[in-house]
Every structure is written in C-alpha cells, then in structure tokens.
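Take a look at the structure set out below.
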Amino acid sequence: MSDNFNKPKDIASLGVSFEERLAQLGKLSKQNRGSNAGVNTPATNHGQTPAGYPAQRQTSEIDSSRTINQNSKQALDAYKEKGKSKQILKVWFMLMQAFDSKMKVFFGDEPDVHFMKFAASLTPESYKRLEANLLERLDEDREWPPSLIRLRQLANSPTKEMMYKARQHLFHHPVPIDELDRVELFIKRYKMREVRSFSERNFEAEFNRKYTQWFREVILEDMDKKLEEERARISAFIDVESTNEHDKEIDQMIAQGKAFQNPLGERIVQMLREKKSQTPEISDVTAEEIAQERGHNTSSAGEV
C-alpha cells in the first residue's frame, strides 16, 4: 500500500523552518523597538502602512513580540531559580562579543527560550568546545554559524586541533598507550582495522569524519566504558563456563576409565607398574610363608 498521499508535496508544505522562525523573531523585535521609540508611521486612506502591511496585522505582530518577550522573562526567572541564569548570560555575551550586529539580527536583542535551553544545557567542557570551534571558524573567515542547531553541533564536536593531535598520537608520532586520551584509546583498541582501510589520498578527511563520530560516542555516550564493562563481563562468563566444562570432562574421563589415556598418563601408569614389580604385594605372600617366618622368629628368640 502506498503512503504517497501522506507525504509533503513541496518544501512549503513542511512549514516554516527553524532558521526562518528565528529571523521572524528578530524582525518582530526590531518593530517593537520602533514602536516603543515613538516612531509614527503614516497610514494610507485604506488603513495600511507604507510597507503594504495592514495595520491590524502589524498590531498583532507587536502583541506577539510582547508575548515572546514575556515568555523569555519568565523562562529566565525559572533558570535563575535553578542557578543557570549566569551561565545563559555568559554564553550570550560571548556570542555578542564575537558577532555583535549579526547576533542581534539573527536572535534579537536578548536570548529567547530556545537559546536559554541551549545555553543552560552546556557543560564546562562543551562550552570550551563551542568557543574553540567558533574561534577556528573565525580564523577560516567563516564567521557566523547559521543556526542554533549549528551552535549545538559545534558544542558537541571536536576541534580540528584535537583531530590533528589524534592523528599524531596514533600514527605519525605514536605515544605510549597511557598518554592517549579516551577517544584516542577507543580508536586504538576498537577502530584500528577500520582506520587502516582508509585511502591514503583522502586519509585526513576520512579520519576527521569518523573521529567526529567516535568522539561523540565516547564523550557523549560513554561507549568506551560500556564496551570495557561488556568485555569484562564476557571474559568472566567464559572463564567460569570453561572451568565448569573442563571439570565435567575430567569427571567423565575418570568414570569411563580414560583418565590415563594420554602421553603423561601412560608414563604415570608405566612408573606405577615398575614400582609394583619391585615390591611384592601382601596378597602374594602365602599363609605357609607367614608361619615359617613366625617359627624362625621364635627359634631365634629361644637361642637368645
């Protein structure tokens, strides 16, 4: 059965994108500032602004902007109670210092609820990664990350310097295993076969792409710790099972009389036979020999 009827026919049917929504919020913020500054916009005889927007629509957009600002204030108060407001403002001011006017155009004059959620979720490590990745983008003349989603991606991605060091530590100038970081150790233990399959011509690009994936698995999902725990569990299970199976095999061989059917066992049996031939068993001595021995011992005692 086909489900084509349920698929969007074009991009417009998917709705407004996240980036477009952020741009709209920035425009609404500008309009709100103009309204608060007392800028009078002359209207035409038909009740429309010079820009061609109906007055009723412009009023509704301003009201919507005020609602958004109110929601942002409430969200900031909620984060303040959780002790996250300083972190949100720190991230905001860091981006404002780096991008200034572009930041205002894209996000507005103050952080909205989406930006607050992103900033509050950052750890000290992810904040440093975000800052380092943004600095690398500035060095490459790629100033502005295109969206909040991209900012989140940069916070959860390794820098090019980290990937360069990993290639040096693992291949070009290898270091002892105790000097590798978690991601490098993960690659060393579990991914070297895959790395060796990379083409020499595109080695750096392929390694960087896979390193980013492995970095997120290790740092964000603790994949290295999970694999170590699984390896230890399997190893312990195999040791117990193999010991139990070995004991069962020995018991079965003894019950079937096959305990000495091996080179070492045959040697032991031969040694026992030789010892037995040199020392007569008690069962081989007759009663007559025992009586004679006793008589000899008695006569010897009488002579004394």
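I'd like to verify a number: residues in region 98-125 that are within 18 Å of W144 (Cβ to Cβ) and either charged (D, E, K, R) or part of a helix (DSSP H, G or I) (or both), how many? Qualifying residue count, region 98-125: 16.
Candidates S101, S126: the one that is out of contact with any strand residue (DSSP E or B) (no Cβ under 9 Å at 6 or more places or on another chain), in the same structural domain as Q70 (by TED's automatic domain parsing), of a type in the set (G, A, S) and surrounded by fewer than 17 Cβ atoms within 10 Å (Cβ to Cβ) is S101. Filtering region 162-190 to residues that are in a loop (DSSP other than H, G, I, E, B) and either of a type in the set (A, V, I, L, M) or buried (at least 16 other Cβ atoms within 10 Å of the Cβ) (or both) leaves V175, L180.
The values are calculated or read from the model by the stated rules, or taken from the named source; none is laboratory data. Quantities reported herein were computed from a predicted structural model and do not represent experimental measurements. A quick note on method: Cβ atoms are made from the backbone with ideal geometry, for glycine too, and the neighbour counts reach across all protein chains shown.
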